[in-house]
Amino acid sequence: MTGMGTTGVLEVTNLSTQIRLSRSVVEAVGNVDFAIGAGETLGLVGESGCGKSMTGLSLIRLLPNGGHIVGGSIKLRGLELVDLAEDDLRAVRGNEIAIIFQDSQSSLNPTMPIGRQVAEPVRLHRGVSKSEARERALEVLELVGLPHPRERLDDFPHQLSGGLRQRVMIAIALACEPKVLVADEPTTALDVTIQAQILALLDDLEERLGMATLLITHDMGVVAGRTDRINVMYAGRIVETAKTERIFAGMRHPYTQALLGSIPSLDQDRSKALYTIPGLPPDLAPPPPGCRFAARCPRATEQCQVEEPPLTGEDADHLFACWHPVDGPVERSVTIPHATATNGRAEGDRLLQVNGAVREFPVTAGVILRRQVDSVKAVSGISVEVGSGETLGLVGESGCGKTTLGKLVVGAEKPDAGTVELAGKRVFDLRRGALRRARRDLQMMFQDPYSSLDPRMRVHAILREPLQIQRVGTRREQDEKITNVMREVGLPLTALERYPHEFSGGQRQRIGLARALMLDPQVIVADEPVSALDVSIRSQILNLMRRLQVERGTASIVISHDLAVVRYLSDRIGVMYLGKLVELGSSDDVYHHPAHPYTEALIAAIPVPDPTVEKHKGAVAIRGDLPSPRNPPSGCRFRTRCPRAQELCAQVEPLLRPFGPGHVAACHFPLQEPVGTAEPEAAHGSAG
Amino acid sequence: MTELGAEDLVGGVPSLGSPNVPTLAPEGGEVQVLASGWRLATREFLSNRLAVVGLGILVFFVLACFLGPLFYHTNQTISNPLVTDGAPGATHLLGTDDNGFDELGRIMAGGQTALEIGFFAALMATVIGTLYGALAGLVGGIVDGVLMRLVDILLSIPLLFIVLVLATRYSATVLSQSLIIGLFSWLVPSRLVRGEVLTLRVRDFVVAARIMGSSQRRLIVRHLIPNALSVVIVNITFLIADSILLIAYLGFLGFGLTFPTASWGDMLGNAQQAVESGYWWLVYPVGICLVLVVMACNLVGDALRDAFDVRLRRR
């Protein structure tokens, strides 16, 4: 075991933290033990609200209002931090223990140049001169891989991209060469390609500087390749702890099993339902008696309801808190009926057709007259088709225009050029009544479960609204329809009289889906349907969407930055980059035989929840950031980040070329030979 | 935890992913039973002690000023030189002023005008400001630019001067004063409403309603106005307080309501010399009343803002 009490740089024993609210006390962290040695990384995994961030913040006693440590000990190289005086603790914070937060936008001071922000801890803790601190800042910024650090020292945070800001955050944390680094969801707000770069950087720095790292995340993929040991947290308690390989191969706690089983993996069998954890994490004010996971556990018995299991195990290296432990990962067995047959698209079946769609958002200057000075090229000439009953997935980094494309399809945005046709009709050229009728067939499900439902309306009114607007049915028929749809999305009828704020994120997403289904549309656009949700809830919604796809046969477009999500739900996948479609093909083709280097890099960047795969991954395939969509690169837009780019790529824009039946990609130097002649289809011509 | 069976909650749909062993929790999870948004806000408001005190003060003053004169009859129209500057006693509970008017009765009468003007002016400012701001926010573009620059210009003119000029030109009655103040204090609410509409109209639920084919009218009536309402309501309380203060300034400067209408500002202005003469009953009671009413309005406003915010912060 990792030297509990022997070699640990940081030793935490029996730590308990509470948060006092106006009416109750939340036991956020309860009896947590762990130790991290020098150069070691400990992963702390769990859903949101399970107390992992509170554990991290407890280490430096920076708890939110009302939060305080009620018991236990935190020893940093023998120094007890729990009852250390505030003044002495300040010498520890940022010096011996440093922390990286999730949101670099709000964690950096927007009015201070980054050089000074990095130098600040050095000046505070080392008492060095201004110029020495500046030199050190330069050194650290170079260390974290900020390009041209000397020119960037006087930049302000808003002048940097999200990935670079996160690097600055890391530089601030490392400026004083801390012994312990707490990384609280360091990559959650970043795109996968940037995430891979940041994780590789953290990995490298840990090794070189010999820090003890606590990596807090909800993503099993992130911890798989980066940690020596993993603690799984649930409802404020550590429920399982073991070496990384061991926990992935032979977990004993049902929660760990479910957490891992509920992640859609890239080679997921689409006919199999995802493992889900039903329900929600418990309220910790006060925590339930017995095992805290009991209410959501399929193996729970009477004993679990009343008696809390201790954290034990056969050997000291693998501890778990469960009365009825499982043995290893879950076998996926539940099959979705009829889902095995891929909903193949008959040739010529074009339910929805997007032809050369262009959408550019003007960038204006001036207060009154608002002259247009530039434009953001969100969608630059994209053509796709969706057959009836088919699901098209759209993936790409944020800012690639996938959401805008989705909005063009449902008519929430108007294209500047190009058309959207439903069953051969240009629906958005219709007027008034006819347009309103046509809108029935194109509905949307939104990303943010908090802003997509009107907070002032009851669920009943929210679901009735589409029927009222479209003047469908009598009141009784509408009620019947509402009842049926509520059953379909797995919500109790008691929910109808409630307001949105009374629901959890997953439940709101179900309501959002129900609203989109009310009009029985022909096409549903789901924009990042699960990215705002917790892992366990995510799989519930994915299963629900998959089941409804099969049962209803509605065509859909699923938009997500997460290739695994898109692959699980889609028959075909379109990969987007800076407003262009760079590859389109069947979901298997795109994943197994990508033709475009960007697709390959995107796949490689996704952290796989399997330590053996993740630890043997090569170097990061894609570097740098997405260029500005205001001024996209000439020729192939991907060329600035492409390892295969040559001169030709800057001069000529590549057209989509076929690589197999229904598989096209736009690249001059593809990863495989194109089939047939490079014959650009008229619909795909989009030199613009 | 509610005592509903898993069957009721899932609604007959078999849960797909989990193994066929039922767990205690339903597929979609239980629904927390909370109060409605308004009720939650009310609870939050009532749990704020200062707010309850403020509300109590306001209710007291409304009752005292409008119902008080029914029980405490005084003469407020014909001056009585026999009893000028009388100290508080059995016949005149708070003494009399330099015209021989009963001070307590005058405070009641002045309170009536203060509350009336405050309420009317705030109502008018809110209606104008809401419509103006909503229009600017919804239409956007050049219209928004022009409308809001106009507001900026008007905001840069000192309101007090305009009101002073107008007050000297026209006879100052409760109605005219309310109109003047109302016509010049809609600027701040219009900005607030515009900001609110700007953020609301890009919210997903408004986009969703558009995608369903909702008309512009329905968007405004069903979604935008109900959601902007909380901001407007909070602002009304502050507007009332500001208007009461403004009318007091005017009175103090001698541009107040025409005699014999009483106002707190007039009374304070007239009482300036009284401080030196030791006639404390002409200064402190009315001053304290003014401070209390304005403070109560602000307390209620602050608490309302917190109450609505808490609801938006979801618990």
Selection over segment B:212-265 where residues are in contact with an Asp or Glu (Cβ under 6 Å, 6 or more places away or on another chain) and away from chain A (no Cβ under 14 Å) yields a count of 2
Is one or more of the residues making up segment A:588-605 more than 27 Å from A:Asp204 (Cα to Cα), buried (at least 16 other Cβ atoms within 10 Å of the Cβ), among the small types (Gly, Ala, Ser) and within 26 Å of the chain's Cα centre (by Cα)?
-> yes
Does segment A:423-448 hold any residues that are in a strand (DSSP E or B) and either within 7 Å of another protein chain (Cβ to nearest Cβ) or modelled with pLDDT of 90 or more (or both), and which are they?
-> A:Leu442, A:Gln443, A:Met444, A:Met445
Please determine, by comparing only the residues of segment A:177-198 that are without any contact (Cβ under 8 Å) to a residue 40 or more places away in the chain and over 12 Å from the mean Cα position of the chain (by Cα), which one is nearest to A:Thr227 (Cα to Cα).
-> A:Ile198
Name the residues in segment A:377-387 that are touching a Gly at 6+ places or on another chain (Cβ under 9 Å), assigned to a strand (DSSP E or B) and of a type outside the set (S, T, N, Q), would you?
-> A:Lys377, A:Ala378, A:Val379, A:Gly381, A:Ile382, A:Val384
Residues being farther than 20 Å from B:Trp186 by Cα and surrounded by fewer than 19 Cβ atoms within 10 Å (Cβ to Cβ) - total across segment B:221-254 = 3
Restricting segment A:490-500 to residues that are within 7 Å of chain B (Cβ to nearest Cβ) and buried (at least 19 other Cβ atoms within 10 Å of the Cβ), the one nearest to A:Asp448 (Cα to Cα) turns out to be A:Tyr499
Kindly indicate whether any position in segment A:356-364 is at positive phi, modelled with pLDDT under 70 and in contact with a Ser or Thr (Cβ under 9 Å, 6 or more places away or on another chain).
-> no
In segment A:512-552, which residues are more than 10 Å from chain B (Cβ to nearest Cβ), surrounded by 24 or more Cβ atoms within 10 Å (Cβ to Cβ) and among the basic types (Lys, Arg)?
-> A:Arg538
For segment A:388-416, the count of residues that are within 17 Å of the chain's Cα centre (by Cα) and either charged (D, E, K, R) or assigned to a helix (DSSP H, G or I) (or both) equals 3
In segment A:58-67, is there at least one residue being surrounded by 12 or more Cβ atoms within 10 Å (Cβ to Cβ), hydroxyl-bearing (Ser, Thr, Tyr) and touching a Leu at 6+ places or on another chain (Cβ under 8 Å)?
-> yes
From the set of residues in segment A:280-310 that are of a type in the set (A, V, I, L, M) and surrounded by fewer than 18 Cβ atoms within 10 Å (Cβ to Cβ), which is farthest from A:Ala258 (Cα to Cα)?
-> A:Ala285
Some residue of segment A:1-21 being on the phi > 0 side of the Ramachandran plot and crowded, with 19+ Cβ neighbours inside 10 Å = no
Taking A:Ser73, is it part of a helix (DSSP H, G or I), farther than 22 Å from A:Ala200 by Cβ and either among the small types (Gly, Ala, Ser) or free of Cβ contacts under 8 Å to residues at least 60 places away in the same chain (or both)?
-> no
State whether the residues of segment B:171-194 include one that is under 23 Å from the mean Cα position of the chain (by Cα) and within 14 Å of chain A (Cβ to nearest Cβ).
-> no
What single numbered condition from (1) at pLDDT below 85; (2) in a helix (DSSP H, G or I) fails to hold for B:Ala262?
-> (2)
Condition met for A:Gly30 (outside any helix (DSSP H, G or I), touching a strand residue (DSSP E or B) at 6+ places or on another chain (Cβ under 6 Å) and at pLDDT below 90) = yes
Surrounded by 17 or more Cβ atoms within 10 Å (Cβ to Cβ) and in contact with a Pro (Cβ under 6 Å, 6 or more places away or on another chain), is that true of A:Glu40?
-> no
Filter segment B:197-208 down to residues that are outside any loop (DSSP other than H, G, I, E, B) and more than 7 Å from chain A (Cβ to nearest Cβ) and give me whichever is surrounded by the most Cβ atoms within 10 Å (Cβ to Cβ).
-> B:Val197
Starting from residues that are more than 9 Å from every other protein chain (Cβ to nearest Cβ) and of a type outside the set (A, V, I, L, M), keep the ones in segment A:501-511 and report whichever is surrounded by the fewest Cβ atoms within 10 Å (Cβ to Cβ).
-> A:Gly505
Of all residues in segment B:115-141, which are more than 14 Å from B:Gly195 (Cβ to Cβ) and of a type outside the set (Gly, Ala, Ser)?
-> B:Leu115, B:Glu116, B:Ile117, B:Phe119, B:Phe120, B:Leu123, B:Met124, B:Thr126, B:Val127, B:Ile128, B:Leu131, B:Val139
Name the residue, out of B:Val207, B:Val221, that is farther than 30 Å from B:Ala87 by Cβ and at pLDDT 85 or above.
-> B:Val207
For A:Leu584, are the conditions met, namely being away from chain B (no Cβ under 11 Å) and more than 30 Å from A:Ser380 (Cα to Cα)?
-> no
Unmet requirement for B:Ala296, which otherwise passes all of (1) surrounded by fewer than 22 Cβ atoms within 10 Å (Cβ to Cβ); (2) modelled with pLDDT of 85 or more; (3) farther than 24 Å from B:Val165 by Cα | (1)
Among the residues of segment A:468-488, is any more than 7 Å from chain B (Cβ to nearest Cβ), among the β-branched types (Val, Ile, Thr) and touching a Leu at 6+ places or on another chain (Cβ under 6 Å)?
-> yes
Selection status of A:Ser451, touching a residue at least 40 places away in the same chain (Cβ under 8 Å) and facing another protein chain (nearest Cβ under 8 Å) = no
Just for segment A:454-467: of the residues that are more than 7 Å from chain B (Cβ to nearest Cβ) and modelled with pLDDT under 90, which one is surrounded by the most Cβ atoms within 10 Å (Cβ to Cβ)?
-> A:Met457
Can you name the residue in segment A:225-264 that is within 21 Å of A:Glu11 (Cβ to Cβ) and of a type in the set (S, T, N, Q) and is also surrounded by the fewest Cβ atoms within 10 Å (Cβ to Cβ) among such residues?
-> A:Thr244
How many residues does segment A:97-134 contain that are surrounded by fewer than 18 Cβ atoms within 10 Å (Cβ to Cβ), of a type in the set (S, T, N, Q) and outside any helix (DSSP H, G or I)?
-> 3
Just need a number here: residues in segment B:140-193 that are in contact (Cβ under 8 Å) with a residue 60 or more places away in the chain and more than 27 Å from B:Leu229 (Cβ to Cβ).
-> 10
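The values are calculated or read from the model by the stated rules, or taken from the named source; none is laboratory data. Note that the structure is a prediction, hence the values are computed from the model and not measured. With ideal geometry, Cβ positions are generated from the backbone for all residues, glycine too; neighbour counts draw on all protein chains shown.
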